[in-house]
1. Let me have the relative contact order for the stretch 191-274, percent, based on Cα pairs under 8 Å that are six or more residues apart.
2. So which chymotrypsin sites (Phe, Trp or Tyr not before Pro) in the stretch 386-480 pass both tests, a DSSP loop state and at most 16 other Cβ atoms within 10 Å of the Cβ?
3. Normalising by the residue count of the chain, find the relative contact order in percent from Cα pairs under 8 Å and 6+ residues apart.
4. Considering the options GLY81, TYR224, SER25, tell which one lies farthest towards the positive end of the dipole of the stretch 1-224, charges being +1 on Lys and Arg and -1 on Asp and Glu at the Cβ, about the Cα centre.
5. Can you give the extra length, in nm with one decimal, that the chain gains between LYS457 and PHE307 once fully stretched, where that is 0.36 nm per residue apart less the Cα-Cα distance?
6. Rank the residues VAL453, VAL68 as a footprinting-exposure proxy: fewest other Cβ atoms within 10 Å of their Cβ go first.
7. What FRET efficiency do you get for ASN420 and ASP291 if R0 is 45 Å and r is their Cβ-Cβ distance, rounded to the nearest 0.05?
8. At 0.36 nm per residue, and after removing the present C-alpha to C-alpha distance, how many nm does the segment from ARG465 to ASP267 gain when stretched out fully?
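Nothing in this text is a laboratory measurement; each read-out follows from the coordinates by a stated rule. Only a predicted model underlies this, so the values are computations on that prediction, with no experimental measurement involved. Virtual Cβ from ideal backbone geometry, glycine too; neighbours counted across all protein chains shown.
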Amino acid sequence: MLRVSLFLFCVFLAAGLHAAEVAESLVRIEATSQEPNYKAPWSPGDVSSGVGAGFIVQGDRILTNAHVVSNVRFLTVNKEGDPKPYAAKVLYVAHDCDLAMLSVDKAEFFNGTTALELGDIPAIESTVSVYGYPIGGKRLSVTRGIVSRIDFQTYSHSGMDSHLTIQIDAAINPGNSGGPVMQKGKVVGVAFQGYSGDVAQNVGYMIPTPVVKRFLKDVEDGRYDRYVDLALTDQNLFNPAARKALGLTDDDVGVQVGTVYGGGPSDGIIKSGDVLLSIDGLRIASDGTIDIDGGSVPFNEVVERKFRGDSVELDILRDGASLQVQVPLSEPWPFSLQSSAYDVKPQFVVFGGLVFQPVDQNLMDEYKPSNLRLEYLFDFFVEDGIYRERPELVVLSNILPDSVNAYAKDFLFSVVDEINGQKICRISDVAAAFAKTADYYVIKMVGTGRPLVLERKAVEEARSRILERYGVTSEYYLKK
C-alpha cells in the first residue's frame, strides 16, 4: 500500500497537483438507464446500469459525458473517499458533443469540494494525466499519457457530429468517461472515447476545452441550443490547373464549395463553385485549414465556436470576382437522421398488425435491414436532397402476423409513399391517413408496382386480438 501511495503522489506531483485537490473535485457516477426497444416501440425497453466519472465546475455543478447519462432513469453520485450516494439529475445534455451537466439537490454534497479550472489546448508531445474509475472501480485511478494528435474527428456518441479532438497514448476505458484530463493544475480535456484492444492499444481521446467552454457558454441562458453549421461541403484546391481556371494564384489559399444544402444557413448566400478564401479574417489554406490558437485546424472550427444567432464573415471568389458575405447562423444542423438519438421515445403507428416507423440511425442499427432502396435513401438523404421531398423516411418496419396482413411480408422495410392518395412525408401523416374512414386503405410504397391493401372492416375485427396476442399497450406514439 505504501508503494502505491508513493507512486500516486509522484504522479500528482508531476502533474502540478496535490492528490487531495483532485480528490475534492472528482465524482463517481452510477447511472441506471432504460434503452428504447425499436422492434417493440410500445414497450419501455431494457434496464441497464453503468459507471462513469465527472468533476466539479463553478456553480456547484458536475460535468461529465452525455453518454454516461443517456436514457437515464436514476442517477447517483459520490465523492472520492465518501461512499455515501447522493441522488443527482441531468441539468443539460449535449449529445452532439458528448457533454452533460448534473446537479445535486443536497447542498451538503459540495461541502469541502473544489471547482476545477479550465485550461487551454495542450501542446503536442506534452504530458497529461487522466482521472476516473476505469472498469467500474470504486477508487480513483490515474494514468499518464502524451498528447499525440489534435484533429477534427467524429464523436462516436452521436456517430455523425465531428468536433475538435485530442488523441493521447493512454487507454480510455469504461469508467474513465467524463473524468478530467489534467495538465499543470488545470483541466485540458474530458476523457470520452477509446479503441478496443483489437483495433489499437493505449490510444484514447479527450474533448478539448474549446468544446467544453462552448458547452458551458451555451447553457448560460438555461437551455442547450446545439451546434450551428454552415451546411455545405468543400473541396481542397491543390491542383495548379484547377486554381488557374478559377482565377487563383499559386499561393496555397482557398477551398472550393461543393454542395450547399437547401434549408441550411448558407442556402441562398453561398453558391456551389464559390471559393472560400478567409473566414472571420483568418486565411483558409488550400487543404481547408486555418491557423488558430497556435495550431492548424479545419476552418469550420471558427463556426464551431459560434452560437445560434451569431454570424460568420466569409471572403469568397465567385466567377472571378471577390465578394464578402455574412452568413447568419440561425439554426443548428437540420439533418439528424443519421445521428444516434437518445432520451427520446421511438415514434410509431400500429395498424392492422403493421408497424410503421420513421427511419433514423437507431432503427437502422436495431433492424439492420437488407433493403437496397432503403439503404440508398438513408445514406444519401442529405447529399441527394431527398429531405426536400421527404423530411422523414417512413417504413413498414415490422409485422405482427395475423390473417389480416398475411401477404404483407414482401413490403417489409419499404418506404411508404402514399396512403389513399395522401402523400406520406412524416410519421404523423400515416396516423392522419389511417384516422380517416375508408372501406379500404391503399398503401403505395416507393419503387414498388403493386400496393399493400387493408380492408377497414377486417382491420377493426383483428384489432383487439392483435393487441392482446402481442402485448401491444399503445397503437401509436407521435412526437409533440
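1. Values: 77 pairs, mean separation 18.2, N = 84.
Once divided by the residue count of the stretch 191-274, the mean separation gives 22 percent.
2. Hits after loop and neighbour filter: TYR407.
3. It comes to 11 percent, rounded to a whole number.
4. GLY81
5. 48.6 nm
6. The order, fewest Cβ neighbours first, is VAL453, VAL68.
7. The value I calculate is 0.15.
8. 66.2 nm
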